[in-house]
Amino acid sequence: GFKVNSGEYKVMGLAPYGEPKYVEAIYRELIDLKEDGSLRLNQKYFNYLAGLTMTSRAFDELFGGPPRAPETRITQREMDLARSIQVVCEDVMLRMARTAYEETKRENLCLAGGVALNCVGNGRLLREGPFKRIWIQPAAGDAGGALGVAQLIWHRYCNQPRTTTAGEDAMKGAYLGPEFSDRDIELYLKSEGASYRRLERSDLLRQVAKLLAAEKVVGWFNGRMEFGPRALGSRSILGDPRSPGMQAQMNLKIKFREGFRPFAPSVLLERVGDYFELDTESPYMLIVAPVRKERQLPHTPAGKELWGIDRLNVPRSDIPAVTHIDCTARIHTVCRKTNPDYYDLIKEFEKITGYGLLVNTSFNVRGEPIVCTPADAYQCFMRTQIDHLVLGSFLLDKESQPEGKETKEWQKEFQLD
C-alpha cells in the first residue's frame with residue numbers, strides 16, 4: 001500500500017512489527033535466488049514491464065488479497081509481508097557480498113544503489129559478512145548518479161588523474177550543499193517580521209541544549225546542507241532521546257507521518273559503543289545496530305501480550321525515542337572534524353543530561369524535500385509544532401512569532417510519499 005518509487009524504504013521500518021510468515025512463499029513463487037546472490041523474478045507476479053502497476057493479480061492472490069489502500073490502517077498482513085521481504089532482501093545482500101569477497105579477497109566493501117540505503121541489511125553485512133570495513137555512499141539512490149557523471153567527465157574527458165588521500169573521506173561528511181551567511185538569514189527574518197535573538201556561539205549551543213533537555217523540539221539549520229536523503233546535523237529536527245513521548249510527538253504533530261516510523265540517534269563518535277553494539281563509525285546514518293543489552297528494559301507481562309503496532313508505545317530502553325521495537329537504532333555518528341557546531345551541541349547536551357546523543361530527523365514534513373534555505377526552514381517551523389528554531393546564529397521561539405497567515409492549503413503543495 002505504499003507509493004511506488006517513493007515509499008519502499010518504509011518497508012524496512014515496518015518489518016520489525018511483523019513475522020516472516022511469507023518467506024517460504026517468496027522463495028517458492030517470486031524469486032529464483034542462487035547461492036552467489038544472482039536472482040530472477042517470476043514475472044507472473046509483476047506487472048511493471050507492460051502495465052501501470054508494480055504487481056499483478058497473481059501477486060494479490062498469493063498474499064491474501066489486493067494491496068492496502070493508501071493512507072488506510074496498516075494490518076498484520078502488511079507487517080508480516082514487510083518482515084518477509086526484509087528477510088529475503090538481507091539474504092540476497094549477504095550472498096552477493098560473500099561472492100564479491102570470494103572473487104576479490106578484499107577487506108573493504110563500498111556500496112551504492114538504492115538497496116544500499118537499507119541500513120538494516122547494511123548492519124547485518126557488517127556483523128555477519130566477510131568484510132572488515134564497509135563504506136556506503138550517502139547519496140546511494142538515484143541522486144548519486146550525478147556523482148558518477150561528474151567523475152566520468154573529470155577523469156575521462158578532462159584527463160584528470162584519479163587520486164585519493166589515505167584515511168580521508170572525500171565526501172566530507174556529505175556537507176556539500178548551499179550555506180547561508182548570518183547577514184542573509186537576518187535580512188530574511190526582518191522581511192518576515194520574525195522575532196529572534198542573535199547569540200554568540202557558546203551561548204547559542206548552551207541555550208539550545210537546555211531547551212532540548214527540557215524536551216522541546218528544535219529545528220536546526222546550520223552550515224552547508226547535506227547531499228543525500230539523510231539529515232546529518234545541518235538541516236535537522238532535534239529532540240531528547242530520553243523522552244518516552246518524543247517519537248509520537250515528532251511523527252504525528254511535526255512530521256505528519258505514520259506513527260510506526262522510527263527516529264535515528266546522532267551520537268558522539270567516541271560514545272557510540274556506550275549506547276550501541278557498534279565499534280565503527282556510521283557518519284551517514286546508514287547502519288543499524290542493537291542498543292546495548294544493559295540499556296534495554298525488561299519486557300513487562302502486559303507488553304509481551306501486545307502485537308504489531310500496539311507494541312509501539314512500550315518503552316524498550318533508557319533512550320526510548322531512538323529505540324525501534326526490535327531494540328535497534330539507525331545510527332549517525334558525529335565527529336568534530338566534519339560538523340563542529342553539531343558536535344559541540346551534543347557535548348553541551350551531554351553536560352546537562354549525561355547522554356551524548358540526540359534524536360535527529362530530517363527538517364521537513366512528510367512528502368516535502370528537506371529544507372534548503374532560511375525561508376524553507378522558517379516556513380516549516382511556522383507550519384508545524386516545532387518549539388524553537390535555530391538559523392545560523394539566531395534563535396527563534398514559536399510563541400514570539402507573528403501569527404501565521406497561511407491556511408492548510410500548503411499541505412497540498414507536495415504529494416505524500
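The values are calculated or read from the model by the stated rules, or taken from the named source; none is laboratory data. Everything quoted here is computed from the prediction, not taken from an experiment. Note that each Cβ is placed from the backbone with ideal geometry, even for glycine, and that neighbours are counted across all protein chains shown.
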| request: Find the residue count for the stretch 338-378, including only residues that are under 16 Å from Met225 (Cβ atoms), part of a helix (DSSP H, G or I) and of a type outside the set (Phe, Trp, Tyr). | output: 5
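Being touching a helix residue (DSSP H, G or I) at 6+ places or on another chain (Cβ under 7 Å) and surrounded by 11 or more Cβ atoms within 10 Å (Cβ to Cβ) is the filter; apply it to the stretch 148-183 and report the residue that is farthest from Gly228 (Cα to Cα).
The initial filter retains those residues of the stretch 148-183 that are touching a helix residue (DSSP H, G or I) at 6+ places or on another chain (Cβ under 7 Å), namely 160, 162, 180.
The next check asks that each one be surrounded by 11 or more Cβ atoms within 10 Å (Cβ to Cβ); those that pass are 160, 180.
Numbers: Gln160: 25, Phe180: 19 Å.
Result: Gln160.
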| message | I'd like the full set of residues that are surrounded by 21 or more Cβ atoms within 10 Å (Cβ to Cβ) and of a type in the set (D, E, K, R), limited to the stretch 106-139. | response | none
| query | Taking only pairs six or more apart or across chains, which ones have beta-carbon atoms under 7 Å, a first residue in the stretch 371-396 that is outside the structural domain of Ile237 (by TED's automatic domain parsing) and touching a residue at least 24 places away in the same chain (Cβ under 8 Å), and a second residue that is surrounded by 19 or more Cβ atoms within 10 Å (Cβ to Cβ) and of a type in the set (S, T, N, Q)? | reply | none
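Just to be sure I understand, how many residues within the stretch 220-230 are modelled with pLDDT of 95 or more and part of a loop (DSSP other than H, G, I, E, B)? So that I can check it myself, show each step before the final result.
The initial filter retains those residues of the stretch 220-230 that are modelled with pLDDT of 95 or more, namely 220-226.
From what is left, the residues that are part of a loop (DSSP other than H, G, I, E, B) are 222-225.
Total meeting the criteria: 4.
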| said: Taking the conditions exactly as written (of a type in the set (Gly, Ala, Ser), in contact (Cβ under 8 Å) with a residue 24 or more places away in the chain and either surrounded by fewer than 16 Cβ atoms within 10 Å (Cβ to Cβ) or touching a Leu at 6+ places or on another chain (Cβ under 9 Å) (or both)), does Ala289 satisfy them or not? | reply: yes
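Among Gly233, Gly223, which is the only one that is within 24 Å of Ser317 (Cβ to Cβ) and either touching a residue at least 40 places away in the same chain (Cβ under 8 Å) or assigned by TED's automatic domain parsing to the domain that holds Ala329 (or both)? Write out each step before concluding.
Numbers: Gly223 fails: within 24 Å of Ser317 (Cβ to Cβ).
None of the others qualify; the one that does is Gly233.
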| task | Considering only residues that are over 16 Å from Leu252 (Cβ atoms) and among the polar types (S, T, N, Q), look in the stretch 363-393 and name the one that is modelled with the lowest pLDDT. | result | Gln379
| request: Would you confirm whether any residue within the stretch 300-313 is at pLDDT below 95, closer than 24 Å to Tyr342 by Cα, out of contact with any Cys (no Cβ under 6 Å at 6 or more places or on another chain) and of a type outside the set (Asp, Glu)? | output: no
| field | Residue list for the stretch 9-30, restricted to those being over 18 Å from Arg77 (Cβ atoms) and within 26 Å of the chain's Cα centre (by Cα) | value | Tyr9
| said: Can you report the number of residues in the stretch 182-204 which are part of a helix (DSSP H, G or I) and out of contact with any Lys or Arg (no Cβ under 8 Å at 6 or more places or on another chain)? | reply: 13
| task | Go through the stretch 62-76 residue by residue and tally those that are at pLDDT below 95 and either assigned to a helix (DSSP H, G or I) or among the hydroxyl-bearing types (Ser, Thr, Tyr) (or both). | result | 3
| message | Please count how many residues of the stretch 317-332 are surrounded by fewer than 24 Cβ atoms within 10 Å (Cβ to Cβ), part of a strand (DSSP E or B) and in contact (Cβ under 8 Å) with a residue 60 or more places away in the chain. | response | 1
| query | How many residues are in contact (Cβ under 8 Å) with a residue 40 or more places away in the chain and touching a Lys or Arg at 6+ places or on another chain (Cβ under 7 Å) if we restrict to the stretch 34-62? | reply | 3
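Would you please name the residue that is nearest to Lys337 (Cα to Cα), looking only at residues in the stretch 282-299 that are part of a loop (DSSP other than H, G, I, E, B) and modelled with pLDDT of 95 or more? Explain how you work it out, then say what you get.
The first filter runs over the stretch 282-299 and keeps only residues part of a loop (DSSP other than H, G, I, E, B), leaving 282-286, 292, 297-299.
If we keep only those that are modelled with pLDDT of 95 or more as well, we get 282-286, 292.
Working: Ser282: 14, Pro283: 12, Tyr284: 14, Met285: 17, Leu286: 19, Arg292: 26 Å.
Top of the filtered list is Pro283.
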